[in-house]
1. In the stretch A:87-99, which residues are in contact (Cβ under 8 Å) with a residue 24 or more places away in the chain and either touching a strand residue (DSSP E or B) at 6+ places or on another chain (Cβ under 6 Å) or not aliphatic (A, V, I, L, M) (or both)?
2. For the stretch B:217-255, give me each residue that is closer than 27 Å to B:Pro293 by Cα and among the basic types (Lys, Arg).
3. Checking A:Asn63 against (1) away from chain B (no Cβ under 11 Å); (2) on the phi < 0 side of the Ramachandran plot: exactly one of these is not met. Which one?
4. Of the residues A:Arg75, A:Arg107, which is within 11 Å of chain B (Cβ to nearest Cβ), touching a strand residue (DSSP E or B) at 6+ places or on another chain (Cβ under 8 Å) and either over 30 Å from B:Val398 (Cα atoms) or not in a helix (DSSP H, G or I) (or both)?
5. Within the stretch B:11-26, can you find the residues that are in a helix (DSSP H, G or I) and either modelled with pLDDT under 90 or charged (D, E, K, R) (or both)?
6. Is there any pair linking a residue in the stretch B:140-157 that is outside any strand (DSSP E or B) to one that is charged (D, E, K, R), with Cβ under 7 Å and at least six apart or on different chains, and which?
7. Take the stretch A:146-184 and flag every residue that is more than 24 Å from A:Lys26 (Cβ to Cβ) and hydrophobic (A, V, I, L, M, F, W, C).
Amino acid sequence: MLRIEGLTAEIEGKQILKGIDLEVPKGEIHAIMGPNGSGKSTLSYVLSGREGYDITGGSVTWNGQDLLAMEPEERAAAGLFLAFQYPVELPGVGNANFLRTALNAQRRARGEKEVDAMAFLKLAREKLKKLHMSDEMLKRNVNVGFSGGEKKRNEVLQMALMNPSMAILDETDSGLDIDALRIVSEGVNALRGPDFSSLVITHYQRLLNYIVPDRVHVLMDGRIVRSGGKELAEELEAQGYGQASAA
Amino acid sequence: MNAVTAGAGGFISRFEGLRDRLPGAELEQVRALREEGAATLREKGLPGRRVEEWRYTDLAPVAQAQFTEALTAVGEAPALPAPRAPHRVVFLDGRLAEHLSQLPPHAAPLSARLEAAQDLLAADHGMPLVGLNAMMFEDGLFLDLPEGRDAGTIEVLNIAAHAERPIAFHPRHVIRLAPGAQLTLVETSTGPAGATYLHNPVYDIRVAEGATFTHVRVQREGRSAFQLSTIRARVAAGGTYDNFTLNAGGRLVRNEIHVTLEGPKAAAHMNGAQLVADGQHADTTTFLDHAAPDCPSRQTVKTVLAGKSRGVFQGKILVRQVAQRTDGYQMNQALLLSEEAEIDAKPQLEIYADDVRCSHGATVGALDPEQLFYLRARGIPAEEARAILVQAFLTEAVEGVTDPIAQAALEEAVSGWWEREAA
């Protein structure tokens, strides 16, 4: 269970998050919707531990642990996964090697046995097949020369391999065509279960046709202004953020 | 005589004692070359930082050291690594060790073939280190490939073997490819870790019409050593000189390359990587002379610096008026891993032709925080993430080299560098 209480954060002296209260119980998928500049990406970065944000108040607990006190790699090893809005290119780093290094770093941190190259390849091929992706993806440098859709697919492949208990999807739907959107959604839906929860951050309702959320929250100007069931997403789509948040 | 010229004084007085005993003493032309070198050195001394080309590299430590010549190797030969190629040429302290080498056809010690090679020894043109080499050289590789000959890959080892006291050696390598000949030379220079020595090689290279010379140099001198190398290559129509130099060792290293593209469609590649750790100084200085039309040139030099270190890149491209349709590209990238590291980069384009495509760029920076965060968000600890990104920079720097023997030599020098140097 992820519990966010009174979270405030600023970047370069500018307050972005102005008191977020949010609970994502185990097994649930929650969507956060909001217009540009409402603080959606800041929230995802603060939760995943990116530098450059000053947390000025509040707390975030994750399965009883103080999430904000953990290094980004510790959060990952504890089962938190951030799917990036803009996946980073790593020239000179092979994708297969990167994925195995990441997987083994997490396993090592949890005191589990590392996966050897052969076992990893078998696992990766299995996941690729499930996600209708080509093995070719493993041979390339991480995200280098990937199309927007390929980068997002690579995020989903990583998520499938890491098998997290909490996934934050930061506008994973931006710039995706319908096919890619379907693959990304299938990736998330495949992980769905009593031990998996997710925070799906999006500007549009479209993604939520594929990943049906248990709860929807509206983020405006650094605060959650409204929460509801999945029908709230449709209402937002029909009426726009101004109307829906005032209702 | 200023203080720096005084630094050359030791070399000059040693030359005066040795001049009648040096190889080629009976050859008028070789004697003249040596005297000319001595005159250049007398006039200019070792270059000081007031000379524009030497602004960033201070030779004071070389001037201050009291070098002597290496004694003729006696006793046990040093243990050699397993050969990577069927033909290997081994130099000990600048002298070709025939008993340790598997000489390829058309190769010989320069000292034995000076009469045949003397016309290929280029004048120093006022360059003091070339003058020093001309004055003092004893030996080198003379490789004279006939027309159409494919020599395959030849390995060269330059080993500082007897550096218990400060020694200086100045090998002269003369390499000529006749039309259509092909050669890949993979050279590795090494020496004992704590020994002070000067390795001052000069290369006279001629690449004839349609010939291709791939020249890979892996510099892994001992960490108290100086290497000051000068390459002068002339490339005829349709020929290619493809140089890749890795600077990884030494205390103070300068790698100077001059390439002249003399005929249409001659090509030059002058790529390189410099791994500069605490206490090291590495300088890559190149001069590319486009003296004929339709010539492509490519240059990418990547430098990574750790600790208190300094890197230099000076790259001058001259496009003469005759050199229409020149296609030039130069890129210089530096990765600074410490606040005490410094890189001085000076690209210089001088273009007199009007129909020219010449692009150049430079980047200098630390590790990208976005890339670091991406790796850490995937569970990779910060230290390991940094090592991955440094290795990626190095991998990219050497990936243009395709010869497998060269790749293996580079890989050995590059792998684990960060783990060794950053700890």
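1. A:Pro87, A:Glu89, A:Leu90, A:Pro91, A:Gly92, A:Val93, A:Gly94, A:Asn95, A:Phe98
2. B:Arg232, B:Arg234
3. (2)
4. Going through A:Arg75, A:Arg107 in turn, just one is within 11 Å of chain B (Cβ to nearest Cβ), touching a strand residue (DSSP E or B) at 6+ places or on another chain (Cβ under 8 Å) and either over 30 Å from B:Val398 (Cα atoms) or not in a helix (DSSP H, G or I) (or both): A:Arg75.
5. Within the stretch B:11-26, B:Arg14, B:Glu16 qualify.
6. B:Gly140/B:Arg172
7. A:Phe146, A:Leu157, A:Leu176, A:Ile178, A:Ala180, A:Leu181, A:Ile183
Here's the yes/no breakdown for (1) closer than 23 Å to B:Leu59 by Cα; (2) in contact (Cβ under 8 Å) with a residue 40 or more places away in the chain:
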| position | (1), (2) |
| --- | --- |
| B:Ala160 | yes, yes |
| B:Ala168 | yes, yes |
| B:Arg172 | yes, yes |
| B:Leu183 | no, yes |
| B:Glu187 | no, no |
| B:Pro201 | yes, yes |
| B:Ala211 | no, yes |
| B:Leu228 | yes, yes |
| B:Arg234 | no, no |
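The values are calculated or read from the model by the stated rules, or taken from the named source; none is laboratory data. Everything quoted here is computed from the prediction, not taken from an experiment. So basically every Cβ, Gly included, is an ideal-geometry build from the backbone, and we count neighbours across all protein chains shown.
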